[in-house]
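For reference, the structure discussed in these notes is given below.
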Amino acid sequence: MRYIRTIVLSLTIVGFAFSTANTPAYAQQQEESALTLLEQTSEQRKKLVRRLLPTVVHINIKNKEPTPEKKSEKDEQNEQEKKGRQSLGSGFIIDARGIVVTNNHVVDTAKEDGITVVFNDEENTKAPARVISTDPYSDIALLQIDMDALPPDKRALSAAVWGDSTHIEPGDSVIAIGSPFGLSKTVTWGIVSTKNRILPDNPVSFIQIDAAVNRGNSGGPLFNVRGEVVGVNTAILSPSGANAGIAFAVPSGVARLVSERLAAYGRVRRGYMGVGVSDLNDEAVKKAGLPHSNGVFVSRVEPNGPADLGGMKQGDIILSWSGMPTKTLHEMLRIVADSKIGVAVPVEVWRDGQVVKLFVTPDERPREIDKKTKTIPLFPPDEEREGERPEK
C-alpha cells in the first residue's frame with residue numbers, strides 16, 4: 001500500500017511540473033532566457049569586432065602606367081580608361097612597427113609611391129606605405145607603413161594575432177573584415193564551408209567560407225571567434241563577379257610562414273627538381289602497367305636539372321617523395337616546394353613495370369618562375385635562425 005501511495009505522489013509531482021511548463025508565465029520565462037543569451041552573444045561579438053577593427057587597414061593603390069607595346073585600337077582604348085585608375089584592397093597589421101600583410105595581387109601593379117594605407121579610426125588616418133617583399137606563389141605581400149608620416153598620437157598601432165588554421169573545421173564561425181568596393185570597416189560573419197579546397201592551377205590549399213567577401217576584401221584577415229587570424233581572404237567564385245557565398249582564404253599556416261620568411265630574408269626559398277609533370281590518366285596507367293592510379297607522370301626532364309642528375313627519366317611515374325606518397329600533382333608540388341634545398345631525398349618511381357628508388361637533391365626554385373618582385377629583407381634573421389637556408 002505504501003508503494004502505491006509513493007507512485008501516486010510521484011505522478012502528481014510530474015503532472016504539476018508538466019502543467020507548470022505549459023503555463024504562459026513559464027513560456028515567457030523561457031523566451032526571456034533565450035533573448036538574454038542572444039543579447040549576450042551579440043554583445044560579445046560587438047566587443048570582439050571593436051577590438052579587431054584597429055588591426056585592419058584599407059589599402060588604396062595607384063597603378064603603374066602600362067608598358068608601351070603594340071596594341072589593337074580596342075586595347076589602346078581599354079588602357080586609356082585604366083590610366084590613373086586606382087585599385088583597392090585590404091590588409092592587417094602584424095607588427096606594431098607598421099608591418100602589414102596583404103595579397104600580392106593587391107599591390108603587384110602599384111606605382112613605387114602609389115600605396116596608401118587608411119586606418120579604421122574615426123579620423124580615417126592615412127599614411128603612405130611601401131612594398132617590402134612579395135611572394136606571388138602564395139599570393140602574400142608585406143608592406144611597411146611610413147610611421148614618420150603618422151601623427152605622434154597615432155603611432156601606437158594594434159597588431160593582429162596569428163591563429164592556427166590546422167585546428168579549424170567545417171562549421172566553425174569566422175569573421176571577415178575588409179573594404180569591399182572601397183567600403184571600409186565592413187564586417188561579415190559566416191562559417192568555414194570546407195578546408196583544404198584545391199583550385200585549378202594554384203599551389204595553395206584554401207579555406208572555403210560562406211562569409212560575404214567581394215572585390216576590395218582581398219588581403220583582409222579572416223578571424224576565428226577568439227579574434228585570431230586563421231586566413232587571408234584572397235578570392236571568390238562567382239558567375240556575376242559579386243559575392244555568391246563561396247570565398248577562399250589562404251590558411252594562416254601558410255600566410256604566417258611566408259610572412260616571417262619575407263620579413264627575415266626578403267623571399268621564400270622553395271625546392272625545385274626540374275621536371276614537367278601532370279596527373280595520371282587511365283591511358284597512362286594502363287600503358288605503364290601500374291596497379292593503381294596514384295602517382296604523377298613525368299613528361300619532361302630538364303637536362304642537368306636536379307631530377308636528371310638524380311636519374312629520373314621521361315615517362316617515369318613518381319610514387320613518393322621523401323617517403324610521402326605523391327598521389328596527385330598538387331600534393332607533389334607542395335611536397336617538393338617544402339623540401340630542404342641541397343639535401344638529397346629518396347624518391348620512388350614506377351619504371352618498366354617495377355618500383356625504382358632514386359635520390360634527388362632539390363635546387364632552389366628559380367625566381368623567374370614565381371615572378372618575385374621586391375626582395376629587400378625587413379628584419380635580420382633571429383639568432384637561432386642564423387645560417388638557416390629558408391624554404392617554404
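The values are calculated or read from the model by the stated rules, or taken from the named source; none is laboratory data. Just so we're clear, the structure is a prediction, and the values are computed from it rather than from any experiment. Note: ideal-geometry Cβ built from the backbone for every residue, glycine included; neighbour counts use all protein chains shown.
Summary table
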| quantity | calculated |
| --- | --- |
| Flag if V229 is crowded, with 17+ Cβ neighbours inside 10 Å, of a type outside the set (D, E, K, R), farther than 19 Å from P200 by Cα and at pLDDT below 95 | no |
| Condition broken by I145, with the remaining ones in (1) over 23 Å from Y265 (Cβ atoms); (2) in contact with a strand residue (DSSP E or B) (Cβ under 9 Å, 6 or more places away or on another chain) satisfied | (1) |
| Criterion violated by N202 - all others in (1) closer than 15 Å to H58 by Cβ; (2) assigned to a loop (DSSP other than H, G, I, E, B) satisfied | (1) |
| From G253, G227, G271, residue being more than 28 Å from G178 (Cβ to Cβ) and of a type outside the set (D, E) | G271 |
| Residue within the stretch 101-111 that is in a strand (DSSP E or B), within 19 Å of R215 (Cα to Cα) and free of Cβ contacts under 8 Å to residues at least 60 places away in the same chain present | yes |
| Residues of the stretch 321-359 satisfying the condition of being touching a Ser or Thr at 6+ places or on another chain (Cβ under 6 Å) and more than 18 Å from P203 (Cα to Cα) | A344, V345, E348 |
| Test: residue in the stretch 145-161 that is over 14 Å from V258 (Cα atoms), touching a Phe, Trp or Tyr at 6+ places or on another chain (Cβ under 8 Å) and of a type in the set (G, A, S) | yes |
| Listing of strands (runs of 3 or more DSSP E) fully contained in the stretch 220-279 that carry 3 or more residues being under 23 Å from V117 (Cα atoms) | 221-224, 228-236 |
